[in-house]
Amino acid sequence: MSDEKIDPYAGLQERLAKTADEARPEAVAKRRARKGRTARENLADLTDGTAVSEYGQLAVAAQRTRREGDALFAETAADAVITAIGPVNGDLFASADSQTALIINDYAVLAGTQGYFHHRKIDRLLGLAAEVGLPIVMYTEGGGGRPGDTDVLVSMAGLNVPTFHRWAALAGKVPRIAVNHGYCFAGNAALFGAADLRIATEASCIGMAGPAMIEGGGLGSWKPQDIGPVSVHRKNGVVDIVVADEAEATAMAKRVLACVQGPLSDWQSYDQTELPALMPTNRRYAFDTRKILHHLFDIGSLIETRPDMGRAIVTGLARIEGRAVAVLASDCRHLGGAIDGESATKAAALYQLAERWGLPVVSFIDTPGFMVGPESEAEGAPRLMSDLFIAGAALTQPIVAVFLRRAYGLGAMAMTGGSFEVPRYAVSWPQGEFGAMGLEGAVQLGFRQELAEAPDETARQALFESLLADMYHKGRATEAASYLEIDAVIQPEETRAAITGALTCG
């Protein structure tokens, strides 16, 4: 037996050092040349540099038959993914509330591809998140499945991987946020797309197949930057929030995650007496809903989602007196606020997110109803708009409805969860107007014969205006309240108090 002493501590430090960025200077330099950060830099930023419990740090790729020494330990460090549990927003919330499951793909190692131990590490974290009830933040950059793990001899196609099922099965059980920068293809894209809320940098390209797979399928040769760029995905709803770079993506992930970690005691609000000035005095004029939202909610708290998709609807997250809420609002500057199929899909997604994350919904309504016509039907209106009713009916979280102006037809009902009886509190600003359909259309349809019998165009227009004024009078907010269609009519400056009062009573 040899008398040589072996220092296990030195051996451990040597192995751990192989997982650090310093062990891969060329890969790190290449990463930074592309204006990217390393996985460990993102981890440090996400957790404010605090200590984390890392899982599987000493793992390497299942390629021991292909590599050895530094080529194995440094070049395949942690098998291309950091998995850890640690505090996010620890400066805002107690330790128990800030603990988060962290999965950060490492593009500087094997292009962030998914290997055998890579999947096992993620599966381990997903199991712990489910067991303990931890929210998850996942950085998804990577090239998809890795065919080069030659050590695995018990798998033919590698399709019995549980990662995708486990990740999807956590929907509604724990909050799941995906963050992406750069190329995200195949399996990585599947994980990104299945998250509850998806953040991507402007440099992201996200596709269910990368260039090699596309070309192998006989679909031509494509550059990776041409596959699923953010310029496409910000419009189709794949990406919820677009940011400039990884630093902003990390900051946004922390802001979004804070919405499910608890209320904030430090908040400020604007002077609410300024709200009425944001609404036009002429009922036919458009207005900027976002200005109202920014002014009404806690200062700086509004986070808009999918702003370039379904633009007749504004969706997002915000806070009111420190409490997080999901936000739904009409935007009359697009289609006059009529809800088309794409807007209905966007609104349904907001309901689903609110349900999964246990957030109340505050809905601001100014809509003439659902978009109608042959083109709308061709786009699948009956299915897409009905999906909004289904999502509203599945919502167990409270809704507060604020009628800013027009509330007509099925579209207005859909924005209150499916019926005016659903909201915990339904209030209207004084200029609110209600009806089964838009007033102008109701007059044209209901008084077609009378209008046709007018002696000339001047008389016809005068009759139209008279009938319109009468219908507006009958459908104004105070009349709706007198019939108990809504609960109350309030001044705009009373809206914050109305919302907080409704949410604190349950």
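Every number here is computed from the coordinates shown, using simple stated rules; none is lab data. Remember, it's a predicted structure, so these values are computed and weren't measured experimentally. Cβ: placed from backbone, ideal geometry, glycine included. Neighbour counts: every protein chain shown.
Give me the Kirkwood hydrodynamic radius of the stretch 2-95 in Å, from all C-alpha pairs, to one decimal place?
Evaluated over the stretch 2-95, this radius sits at 15.2 Å.
Would you calculate a helix-derived [θ] at 222 nm for the chain, using -39,500 (n - 2.57) for each DSSP H run of n ≥ 4 and dividing by the full residue count, to the nearest 500?
Rounded to the nearest 500, the figure is -11000 deg cm²/dmol.
What FRET efficiency do you get for Lys35 and Leu92 if R0 is 25 Å and r is their Cβ-Cβ distance, rounded to the nearest 0.05?
0.30
What is the spin-label model distance, in nm, from Ile6 to Leu484 if the labels are put 7 Å beyond Cα along the C-beta direction?
About 8.2 nm separates the two model spin labels.
Among Val260, Ala20, Gln114, which residue has its Cα positioned farthest towards the positive end of the charge dipole of the stretch 8-260, with +1 placed on the Cβ of Lys and Arg, -1 on the Cβ of Asp and Glu, and the dipole taken about the Cα centre?
Towards the positive end, the residue furthest out is Gln114.
For the stretch 8-260, what's the radius of gyration and Dmax over Cα atoms, in angstrom?
Answer for the stretch 8-260, Rg first and Dmax second: 17.4, 55 Å.
Ranking Leu12, Leu439, Leu58, Leu410 by Cβ neighbours within 10 Å, fewest first, what do you get?
Arranged by neighbour count, lowest to highest, Leu12, Leu439, Leu58, Leu410 become Leu12, Leu58, Leu410, Leu439.
Quick one: go through the stretch 314-344 and flag any residue whose amide nitrogen is under 15 Å from the point 7 Å out along the Cα-to-Cβ line of Ser269.
318-325
Using DSSP to define loop residues, name the trypsin sites (Lys or Arg not before Pro) in the stretch 326-404 whose beta-carbon has at most 15 other beta-carbon atoms within 10 Å.
Answer in residue order: Arg333.
Which distance in Å, rounded to a whole number, links the C-alpha centroids of the stretch 36-100 and the stretch 112-179?
14
Report the equivalent ellipsoid semi-axes for the stretch 180-265 in whole Å, largest first, defined as the square roots of five times the eigenvalues of the gyration tensor built from alpha carbon atoms.
Each semi-axis is the square root of five times an eigenvalue, giving 29, 12, 9 Å.
What fraction of the DSSP beta bridges in the chain is antiparallel, stated in percent and rounded to the nearest 5?
Around 35 percent antiparallel, to the nearest 5.
In the stretch 4-57, which GluC sites (Glu not before Pro) are in a loop and have at most 15 other Cβ atoms within 10 Å, using DSSP for the loop call?
Glu4
Would you compute the Debye intensity of the stretch 29-69 from its alpha-carbon atoms alone, equal scatterers and no solvent, and pass along log10 I(q)/I(0) at q = 0.16, 0.18, 0.20, 0.23 Å⁻¹ to two decimals?
Debye intensities relative to I(0), on a log10 scale: -0.67, -0.78, -0.85, -0.89.
For a quick size check, give me the Cα extents of the stretch 45-144 along its three principal axes, largest first, whole Å.
Its Cα atoms span 46, 26, 21 Å along the three principal axes.
How do Tyr183, Tyr472 rank when sorted from fewest to most other Cβ atoms within 10 Å of their own Cβ?
With the sparsest Cβ surroundings first, the list reads Tyr472, Tyr183.
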